[in-house]
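See below for the structure under consideration.
The values are calculated or read from the model by the stated rules, or taken from the named source; none is laboratory data. No experiment lies behind these values; they were computed from the predicted model shown. Here the Cβ positions follow ideal geometry from the backbone for every residue, glycine too, while neighbour counts run over all protein chains shown. Please note that ligands, DNA and RNA were not included when accessible areas were found on the heavy atoms of the full protein model with its side chains. Shrake-Rupley method; radii C 1.70, N 1.55, O 1.52, S 1.80 Å.
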Amino acid sequence: MIGAIAGDIIGSIYEFTNVKRTDFDLFSKHSHFTDDTVLTIAVADCILNGKDYAKTIKEYGRRYPDRGYGIRFKGWLLLEESAPYNSFGNGSAMRVSPVGFAFDDINKVMEEAKKSAEVTHNHPEGIKGAQAIAIAIFLAKNGERKENIKEHIENTFNYNLRQTLEEIRSSYHFDETCQGTVPQAITAFLESNSYEDAIRKAISIGGDSDTIACITGGIAEAYYKNIPDYIARESMKRLSPELLNTVNLFTKTYNFSKVSLLNRWG
């Protein structure tokens, strides 16, 4: 999950000032966590404590306002009722990484990803985007080769992963849908050679940079099982104590990567 959060924070300053290259500064004084991080941690809290997804996501959204939520999600936050609004935006995919890390059965991952998505994003594409990313993380953490991950995602979810990153980058524009960000984020991971390289490639696509990097970052952490210490440290120090506490607990509970001793930064 730290990989997703770091991707969000690194991408935060490039969302509306895209860089179509990989040689950019990872952090600046303006780097910050966005809605991607808030809702990712909300999902982690649900998994850790058996909480209701709709209620908890709404609580986190209200607790951390002005973090870049989409217009329809912001409207949902203001309602007392919690009915979904048939969204296929990439919000379902950006927050799902804890599901892929926490569960050890592929059917359970599919089921839980659907549950985490459908409280807001109950459109088939919204559910599909969340499931695809959760499954990619599940397969990556269990040591599957990139070729196998790619084949499984293409066959199960019918995403086109045949375009190269260079082909995507040349014509890509801002897109907040699952179908317009999930395949691109997965491709950035597939063409990477390290966690940092994956984040740099994800942001170089342009568009919704923080969300693409958040999605790519979760898969990259699961696959490479190593986030450079300076990236983890710079990211974690930007979280509130409350958010960091949940990240600490989740990482210690579902520990498998080399970035686990978060008490160094807590």
Of the residues that sit in segment 40-50 and are touching a residue at least 40 places away in the same chain (Cβ under 8 Å) and open to solvent by 20 Å² or more (accessible area, probe 1.4 Å), which one is nearest to the chain's Cα centre (by Cα)?
-> Ile47
All-but-one check, Asp175 against (1) part of a helix (DSSP H, G or I); (2) closer than 27 Å to Tyr14 by Cβ; (3) among the charged types (D, E, K, R), failing number (1)
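Do we have any residue at all in segment 70-83 that's in contact (Cβ under 8 Å) with a residue 24 or more places away in the chain and assigned to a helix (DSSP H, G or I)? Spell out the reasoning first.
Quick first cut of segment 70-83, residues in contact (Cβ under 8 Å) with a residue 24 or more places away in the chain only: 70, 73, 76, 82.
Retained after the next criterion (residues that are assigned to a helix (DSSP H, G or I)): 73, 76.
Within segment 70-83, one or more residues are in contact (Cβ under 8 Å) with a residue 24 or more places away in the chain and assigned to a helix (DSSP H, G or I).
For segment 51-62, what are the residues that are outside any loop (DSSP other than H, G, I, E, B) and without any contact (Cβ under 8 Å) to a residue 40 or more places away in the chain?
We begin by selecting, within segment 51-62, every residue outside any loop (DSSP other than H, G, I, E, B); these are 53-62.
Listed by number, the residues that qualify are Lys55, Thr56, Lys58, Glu59, Tyr60, Gly61, Arg62.
Per-residue answers, yes or no, for (1) buried (at least 23 other Cβ atoms within 10 Å of the Cβ); (2) in contact (Cβ under 8 Å) with a residue 60 or more places away in the chain; (3) assigned to a loop (DSSP other than H, G, I, E, B):
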{"residue": "Asn160", "(1), (2), (3)": "no, no, yes"}
{"residue": "Gln179", "(1), (2), (3)": "no, yes, yes"}
{"residue": "Asn193", "(1), (2), (3)": "no, no, yes"}
{"residue": "Arg200", "(1), (2), (3)": "no, yes, no"}
{"residue": "Ile212", "(1), (2), (3)": "yes, yes, no"}
{"residue": "Gly218", "(1), (2), (3)": "yes, yes, no"}
{"residue": "Tyr223", "(1), (2), (3)": "yes, yes, no"}
{"residue": "Ser235", "(1), (2), (3)": "yes, yes, no"}
{"residue": "Asn248", "(1), (2), (3)": "no, no, no"}
Select, from Thr37, Thr22, the only residue that is surrounded by fewer than 23 Cβ atoms within 10 Å (Cβ to Cβ), under 30 Å from Lys201 (Cβ atoms) and β-branched (Val, Ile, Thr).
-> Thr22
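Tell me the residue from Val109, Val119 that is over 14 Å from the mean Cα position of the chain (by Cα), open to solvent by 20 Å² or more (accessible area, probe 1.4 Å) and aliphatic (A, V, I, L, M), please.
Details: Val109 fails: open to solvent by 20 Å² or more (accessible area, probe 1.4 Å).
Being over 14 Å from the mean Cα position of the chain (by Cα), open to solvent by 20 Å² or more (accessible area, probe 1.4 Å) and aliphatic (A, V, I, L, M) holds for just one of Val109, Val119, which is Val119.
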In the set Ala130, Ala134, which member is open to solvent by less than 60 Å² (accessible area, probe 1.4 Å), touching a Ser or Thr at 6+ places or on another chain (Cβ under 6 Å) and either of a type in the set (Asp, Glu) or within 17 Å of Met1 (Cβ to Cβ) (or both)?
-> Ala130
